[in-house]
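Only one structure is covered here, and it is reproduced in the block below.
Where a number appears in this text, it was derived from the coordinates with a stated rule and is not lab data. This one's a predicted model, so the numbers in the text were calculated from it and none came from an experiment. For neighbour counting, all protein chains shown are included, and Cβ atoms are generated from backbone atoms with ideal geometry for every residue, glycine included.
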Amino acid sequence: MLFESTRLAGAFIIEPEPFEDARGLFARTFCAREFGQHGLAANFVQCSTSYSVQRGTLRGIHYQLPPSDEVKLVRCTAGAVWDVIVDLRPGSATYLQHVGVELSARNRRALYIPEMLAHGFQTMENSTEVFYQMTAFHAPDLAAGLRHDDPVLGISWPLAVSSISDRDRAWALLNQKHG
């Protein structure tokens, strides 16, 4: 596996190194030893999947508050997404900055998301599925989110939003939370 750091400290794009032959390919997508050698968490306790029917669907931008903050390892297993992470660590040099990356079934990339980075994505194709591994159990009372269209974040999503949950549409803008 290849670990490519992003400009948000601790977040990595993980590329599999496929072995290809006439049958197709084989590649490792996770190895606790290699994750540990890079200083990354490898103690995933829960896995989830989301399936979106329609291109342009937006999910997120979500995170969990302490003590249930979580590391996520996210991979697109069908279709494609524009995946976005936002730094919510107050002492970070990249606080409230974001990174976007395409994850798709074709490129087989994964995104490693450290604690206190919010995560969301927009589907680039119909019938898209995303697979998540998390280091903390889902804690509904500690779930929080950011608005996808918050001007403080300035995220440029690639498509018009075709579908979004009422909950994700209703998160407070950052300037309303703090002022």
For Ala11, residues with placed amide H under 5 Å, excluding near neighbours: Thr6
Computed over the chain: relative contact order in percent, which uses C-alpha pairs under 8 Å that are six or more apart: 29 percent
Ordering of 19-28, 94-103 by burial proxy (mean other Cβ atoms within 10 Å per residue, highest first): 94-103, 19-28
Per-pair calculated FRET efficiency, R0 = 41 Å: Ala144 and Glu20 via Cβ, rounded to 0.05: 0.45
Segment Thr29-Asp166, length gained on full extension (0.36 nm per residue, minus Cα span): 46.0 nm
Protection proxy ranking, peptides 63-75, 141-153, average beta carbon neighbours within 10 Å, highest first: 63-75, 141-153
Over the chain: Rg over Rh, Cα atoms, Kirkwood Rh: 0.96
